[in-house]
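The values are calculated or read from the model by the stated rules, or taken from the named source; none is laboratory data. Given the structure is predicted, the values throughout are model-derived calculations rather than measurements. Using ideal geometry, Cβ is built from the backbone for each residue, glycine included, and neighbour counts are taken over all protein chains shown. Please note that ligands, DNA and RNA were not included when accessible areas were found on the heavy atoms of the full protein model with its side chains. Shrake-Rupley method; radii C 1.70, N 1.55, O 1.52, S 1.80 Å.
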Amino acid sequence: MIVKREMLRYVGDPNQLFGIKPYTMTGGRADGIRAFDVRNGSGLEFTILQDRCLDISALSFKGVNCSYLSKAGIVSPYYYEKDGNGFLRSFYSGMLTTCGLRNVGPPCVDGGEAFTQHGRISSIAAENVGACVEMENNPSAMDVGGTKTKYEDFDAGEHPAVMTVSGTMREACVFGENLLLHRRIVCRQGENKIRIYNTVENAGFRREALLLLFHFNIGYPLLDENACLIAPSTKVTPRDAVAEAGIATWNRCRKPVPDYREQVFYHDLKADKDGNTSVALINKKLNLGLALHFNKSQLFNFTQWKQMGEGEYVMGLEPCNCFVDGRTAPCNRNVINRLEPGEIRRFDIILEILEETGGYIFDFHH
């Protein structure tokens, strides 16, 4: 990879090769949404929605779509509906929808307070937003990732440009909670990874429950009957009787099925000695895959959402710190995180595009 001065001999503006494009959507229920298109210069392109929690809507690699867009389409938070199945009326799905911060799963009532499906955070707009492309002749200065994990051992000299979008979402209520989700999304020139760094801060003065799920959604054509889910699962638990009926084929995909009922599985994943683990959806025909890397000390549970229906054809890969049954469900009684006043928790995920996947395996270095 050539460095800045050498590259500038060939181009007038680096946006010719890679960069971040800010813009505002117009028309329909997406009208007014501020967004960023990010290109890394080697085929990875994705869209970040400023007004939807800095979540990721579209994602493609070398022209192949990887994400699922629901029939609800991109929806402004202006149209947010909190009652009934209102969440589903603005659930565009996309590559990433963040769920939480105080409920994950169906609506429920806890302590006299009503909680909406999957919480409010995905419909909260970001504030203090920054977007920048940094280039240095001294690539060693480009490490903006903070404390390194196993998955951050990159050679900065090979990636002299760093694209970063960051901001904060505030979930707050007078006489109630004051939770801040700080997010920084980093993508390096020529590196087919998206690093999503998150911290949740309890800026209030009372203890708060924290339920958090990262709802990554794989769609056609990366997802089709040639795709399979690879996960180092020591145990796979179906959520209900419908999932129990499909337990033998939890990792395999099929063609779209009329009237298919969603199947949800909970996975207990193997991890290395530091808690790092990975899952991947691989399409053998395309020789292409998408992997998620995360740490079980931050996100102990992995939820798989298998939806093979006509027009609703999606595989959800969902690292989380709870179960997808609502904050009052018995399965969540002893696992819900509690944030003390002033406490900050970190949740980092790396999304990686995999090429030449024929021999892809996980290496956990046990």
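FRET efficiency for ALA203 and LYS71, Cβ-Cβ distance as r, R0 = 51 Å, nearest 0.05? That pair, ALA203 with LYS71, gives E of 0.90.
Can you pull the percent of segment 291-342's accessible area that's carbon plus sulfur, 1.4 Å probe, other chains left in place? Spell out each step's value before the answer.
Numbers: 790 of 1730 Å².
With neighbouring chains kept in place, the figure for segment 291-342 is 45 percent.
Ordered from largest to smallest accessible area (heavy atoms of protein chains, 1.4 Å probe), the residues VAL129, VAL109, VAL186 come out as VAL109, VAL129, VAL186. Over the chain, Cα pairs under 8 Å with separation of 6+ residues give a relative contact order of 16 percent. Helices in the chain, meaning DSSP H runs of at least 4 residues, each add -39500 (n - 2.57). Divided by all residues, the mean residue ellipticity at 222 nm is -500 deg cm²/dmol. A simple spin-label model places pseudo-atoms 7 Å from Cα toward Cβ; at GLU225 and SER297 they are separated by 4.5 nm.
Just check segment 233-284 against the gyration tensor rule for me: Cα atoms, a ≥ b ≥ c as the square roots of the eigenvalues, rounded for a/c under 1.5, and otherwise prolate or oblate depending on whether a/b exceeds b/c. Don't skip to the answer; put the middle values down first.
Details: a/c = 3.29, a/b = 1.65, b/c = 1.99.
Because a/c hits 1.5 or more and a/b fails to exceed b/c, segment 233-284 counts as oblate.
Each residue was assigned an accessible area with a 1.4 Å probe, and for ILE230 the value is about 50 Å².
Stretching the chain fully between THR26 and ASN85 yields a gain of 18.7 nm (0.36 nm per residue, less the alpha carbon separation).
Got a sec? What order do GLU113, GLU208 fall in by accessible area at 1.4 Å, biggest, i.e. largest, first?
On the way: GLU113 70, GLU208 10 Å².
Highest to lowest solvent-accessible surface, that is GLU113, GLU208.
Assuming R0 = 51 Å, what is the FRET efficiency of ARG5 and LYS270, from their Cβ-Cβ distance, to the nearest 0.05? The computed FRET efficiency comes out at 0.65. For LYS284 and LYS62, a Förster radius of 25 Å and the Cβ-Cβ distance give a FRET efficiency of 0.90, rounded to the nearest 0.05.
The heavy atoms of TRP305 present about 40 square angstrom of accessible area, all protein chains included, probe 1.4 Å. For the chain, a crude dipole built from +1 on the beta carbon of Lys and Arg and -1 on the beta carbon of Asp and Glu, taken about the Cα centre, is about 200 debye to the nearest 20.
The mean sequence distance of close C-alpha pairs (under 8 Å, at least 6 residues apart), as a share of the length of segment 1-84, puts its relative contact order at 19 percent.
Rounded, prolate or oblate for the chain? Axes are the square roots of the Cα gyration tensor eigenvalues, ordered a ≥ b ≥ c, and the cut-off for rounded is a/c under 1.5. Could the numbers behind the result be given before it?
Working: a/c = 1.44, a/b = 1.21, b/c = 1.19.
Taking the square roots of the gyration eigenvalues as a ≥ b ≥ c, the chain is rounded.
In this Cβ point-charge picture (+1 for Lys and Arg, -1 for Asp and Glu), segment 249-366 has a dipole of about 320 debye about its Cα centre.
For ARG170, neighbours were defined as the other residues whose beta-carbon sits under 14 Å from its Cβ, and their charges (Lys and Arg +1, Asp and Glu -1) total -3. Shape of segment 43-138 from its Cα gyration tensor (a ≥ b ≥ c, root eigenvalues): rounded if a/c is under 1.5, otherwise prolate when a/b > b/c, or oblate? Judged from the Cα gyration tensor, segment 43-138 comes out prolate (a/c at least 1.5, a/b above b/c).
Ignoring any ligand, DNA or RNA, what whole percent of the accessible area of segment 50-144 comes from carbon and sulfur when the probe is 1.4 angstrom? Walk me through the intermediate numbers first.
Details: 1930 of 3930 Å².
Of all accessible area on segment 50-144, carbon and sulfur atoms account for 49 percent.
Solvent-accessible surface (1.4 Å probe) assigned to THR237 amounts to roughly 50 Å². A cut-off under 9 angstrom between Cβ atoms defines the neighbours of LEU211, and their net charge, with Lys, Arg +1 and Asp, Glu -1, is +2. Annotation: per residue accessible area for segment 19-69 equals 37 Å², rounded to a whole number [probe 1.4 Å, protein chains only]. Sorting MET169, MET135 by solvent-accessible area of protein heavy atoms yields MET135, MET169, largest first, with a 1.4 Å probe.
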